[in-house]
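A short write-up of the structure that comes next.
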Amino acid sequence: MHAEAGLTRVVHEVRALELGERTSYAAGRLTVGEASVKDLLRDPALAEVRLGCAAPGDSVRIVGALDAIQPCSKGAGGGGVFPGLLGPAMPAGRGETHILRGAAVIAAGYLPRAQEAVIDMSGPAAALSPLAATHNLVVEWTPAEDASWEDVDQALRRGLVKLAAHLAEAALDAAPDAVEELAEPADTCNGKPRVGVILNLQTQGKFKDVFVYGRSLSGGLPTVISPNELDDGAVVSGQYGHPALKNPTYLHQTHPVLAALRACDELELAALVLCPEPVNQADKELVSAHAARLCAQLNLDAAIATKEGGGNADADVSLKLDRLEEEGITAVGILAEMAGRDGTGPPLVVPPTKATALVSTGNYDERMTLPAVERALGRDRVALLDQPSTDEVELPVAAIYCAQSTLGWGRLTCAEAEVAR
Amino acid sequence: MKIVHYVNQFFAGIGGEDSAGTGPQLRDGALGPGRKLASLLGDEHEIVATAICGDDHAASHPEFAAELVAQAREHNAEMIVAGPAFTSGRYGMACARIAAAASEAGLHGLASMHPENPGLGEAAGTSVVESGAISRHMKDSLERLAAAARKVAAGEELTAQDGRIGPVARINRLAQDSAAERAVALVLTRLGGDRDATEIPLPDFDSVTPAAPVADITEALVALVTEGGFVLAGNPDRLESARATKWVRYSLDGLDSADSGEFESVHGGFSTQWANADPNRILPLDIAREMEREGVIGRLHGEVLATTGNGTTVADARRFGMEWAADLRQQNIQAAILTAT
């Protein structure tokens, strides 16, 4: 193994977030320099940007949440984080990375194809969303009159990664709350079962794509990268469909399955395999078979596969689980259920035919009532219901940001119950 | 107790598929399997009338159920017993709907069908008891239905022991651990040799036998149907862009093409920019008319049936399918082209 392999995660906890004159970080308090941040986000595609804060427990609803990012930096100007978008397009995940744990930057507002995502910072939906547990800097905007939506999307993506690096840069010299050493995946057998993580990335074109080193995996084949690269923002989301099933950049950076494997003494985190989610069946089958072969070559004993997106993305997980089992690799999938409003429908659109080990992140169609809130960010109205954003609203779990993300942050699952007579 | 028994056109002795368009009607006394059911019910109960509807009509006119329940009330019925429908999908859906409509109107409702009958999901919590898969199991099925009907009449709850069947719901709850932690635990369990542990029991899916090929397409009446969120401009019927619960129909009479400004797509699963620039990309009306003029196909059906296929529940999709099939069959359509997105 390379002498410099491995990543040191320098953790700075954020316990309070406020707007102020200049950006600074001290003793858990992150102050955001409003003028300098607006300068940072300046782009010909954006006529205006506005900043808002939302803390855990606040009576605030964020409507139209798009991407969310954990602030991180390796040095001045980011020092190479978000390769291909902010830093040069080169592999990352080594050296030291400062992160602001407990903070996130979130873009919220209208983009085409973006299905409306809701984050409630308090109330019953708060327990379902990882971004209800963070101190959030929310970016709203007015598009420039002549800007295309694609340009607005790119301006927001570039702006958000710049902002994430800028905020973490304020903590570069602060004493850390924790220092965590992340080893490279082991390439040897030490007696523990070798477990890989298969990370399916949605590749459905504009507003439904995920970027690796700043480029789409669309049309490509599975690839193996160091899990530590995710901490440095090698994977950035530009996918705004299926709010509950969304895997924003934040969840890639803090990937819960990788974290759970690192924390497990009995298993060895052996590999991270990134896969596109092609839009046609033949390509899904090719990518799945190829990913399973890669896992076999990596001598994996088991693999956990995750997805992003709705029904057709079930196929990307199910096919991989089946191909893995054929290669003799124990396969576990994390999937959301789409069992209908009353939970009585078949839960999966495309179930596996050979593999059977599945973890559920709950039923997408079940509805919940979100109480009225004092303040809304992102959008004034919940377009799905044509109601003011601050009203009491009844929404399917599908609309709650990351509530069912198969990267596995949440605790939502399903239990069988007799239908009420 | 006065009971009305529901059967389809076939079990009423009206006819087979050729009579599936028969409208709702009530006839005095028991008919067909109702005669055996009446004797099994004993002297305390009486089948005062038989409610009948053709399977196609029932599938495409859900209001048949309320109409028949209203007529049953005029006969002073206190209970409606439907079926057995075995595995017949449209018949099962009709039985479930009329039993549900009876409950809704304050009468007792009870249906009988096979557990795999796709109509089971339409029962809306009303009691359904198990029947055999095919009509050869009529006798056993009627015995179970009669026993259940007596119990319902006595005001008792049916249980699984009575043959009560119904969907098991998957209800959301919070687990102790995160999904990531549970996935790692499941890896350990599976590597430990357990081959069954899972959180999602795998579902059984229907397999559909394709219809026979069209004998002569140059003579056939062909329909265009779509799940592409295809609507009249402005979406006056408010068809949903995702998780549709309904479908819409629009006339294509006199139209040579699906023009921008007249139609659009409200589908939420893809960018509708190109669909809206030329809606023929979703519903190929322009090409279909050309083929009609050239005699490649016999004639184009004058209506499009449309919904949005985007996160639609299987129960709703199955219902749309049955309703569309019944609707198209009633119009003597020989072939339908379903454009999917």
- Task: Would you check if B:Val152 is touching a Leu at 6+ places or on another chain (Cβ under 6 Å) and not basic (Lys, Arg)?
- Result: yes
- Note on the structure: Counting only strands (runs of 3 or more DSSP E) entirely within region B:1-103, those with at least 3 residues that are crowded, with 22+ Cβ neighbours inside 10 Å are B:2-8, B:46-53, B:79-82
- State whether one or more residues within region A:294-301 are of a type in the set (Asp, Glu), over 27 Å from B:Asp177 (Cβ atoms) and in contact with a Leu (Cβ under 8 Å, 6 or more places away or on another chain). no
- Query: Among B:Asp194, B:Asp253, which is assigned to a loop (DSSP other than H, G, I, E, B), farther than 16 Å from B:Thr307 by Cβ and under 29 Å from the mean Cα position of the chain (by Cα)?
  - Reply: B:Asp253
- Query: For region A:176-229, which residues satisfy the criterion of being within 14 Å of another protein chain (Cβ to nearest Cβ), of a type outside the set (Phe, Trp, Tyr), farther than 20 Å from A:Leu298 by Cα and part of a loop (DSSP other than H, G, I, E, B)?
  - Reply: A:Gln204, A:Gly205, A:Lys206
- Query: Out of region A:362-421, which residues are facing another protein chain (nearest Cβ under 10 Å), closer than 30 Å to A:Val235 by Cα and in a strand (DSSP E or B)?
  - Reply: A:Gly362, A:Asn363, A:Pro396, A:Leu412, A:Thr413, A:Cys414
- Determine which single condition A:Met90 fails, assuming it passes every other condition in (1) touching a Pro at 6+ places or on another chain (Cβ under 9 Å); (2) buried (at least 24 other Cβ atoms within 10 Å of the Cβ). (2)
- Would a scan of region A:338-355 turn up a residue that is in a strand (DSSP E or B) and either within 9 Å of chain B (Cβ to nearest Cβ) or among the polar types (S, T, N, Q) (or both)? no
- Examine region B:110-125 for a residue that is in a strand (DSSP E or B) and surrounded by fewer than 24 Cβ atoms within 10 Å (Cβ to Cβ), and state whether such a residue exists. no
- Message: Test of understanding: among A:Val10, A:Val37, which residue is at pLDDT 95 or above and under 27 Å from A:Glu180 (Cβ atoms)?
- Response: A:Val10
- Filtered residues of region B:303-318 (kept if more than 17 Å from B:Pro279 (Cβ to Cβ) and either among the small types (Gly, Ala, Ser) or touching an Asp or Glu at 6+ places or on another chain (Cβ under 7 Å) (or both)): B:Gly311, B:Thr313, B:Ala315, B:Ala317
- Message: I'd like the full set of residues that are free of Cβ contacts under 8 Å to residues at least 60 places away in the same chain and not in a strand (DSSP E or B), limited to region B:217-239.
- Response: B:Ala233, B:Gly234, B:Asn235, B:Pro236, B:Asp237, B:Arg238
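Looking at B:Val187, is it free of Cβ contacts under 8 Å to residues at least 60 places away in the same chain and not acidic (Asp, Glu)?
yes
For B:Asp196, indicate whether it is more than 27 Å from B:Gly269 (Cβ to Cβ), charged (D, E, K, R) and surrounded by 14 or more Cβ atoms within 10 Å (Cβ to Cβ).
So B:Asp196 does not fit the description; no.
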- Scan region B:318-337 and give yes if some residue there is surrounded by 21 or more Cβ atoms within 10 Å (Cβ to Cβ) and among the polar types (S, T, N, Q), otherwise no. no
- Determine which member of the set B:Gly268, B:Gly298 is surrounded by 15 or more Cβ atoms within 10 Å (Cβ to Cβ), within 14 Å of chain A (Cβ to nearest Cβ) and of a type outside the set (Lys, Arg). B:Gly268
- Message: So if I check each of A:Leu30, A:Leu51, A:Leu19, A:Leu40, which one is farther than 12 Å from A:Leu137 by Cα, of a type in the set (A, V, I, L, M) and either touching a helix residue (DSSP H, G or I) at 6+ places or on another chain (Cβ under 7 Å) or buried (at least 23 other Cβ atoms within 10 Å of the Cβ) (or both)?
- Response: A:Leu40
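The values are calculated or read from the model by the stated rules, or taken from the named source; none is laboratory data. Because the structure is predicted, anything quoted here is derived from the model rather than measured. With ideal geometry, Cβ positions are generated from the backbone for all residues, glycine too; neighbour counts draw on all protein chains shown.
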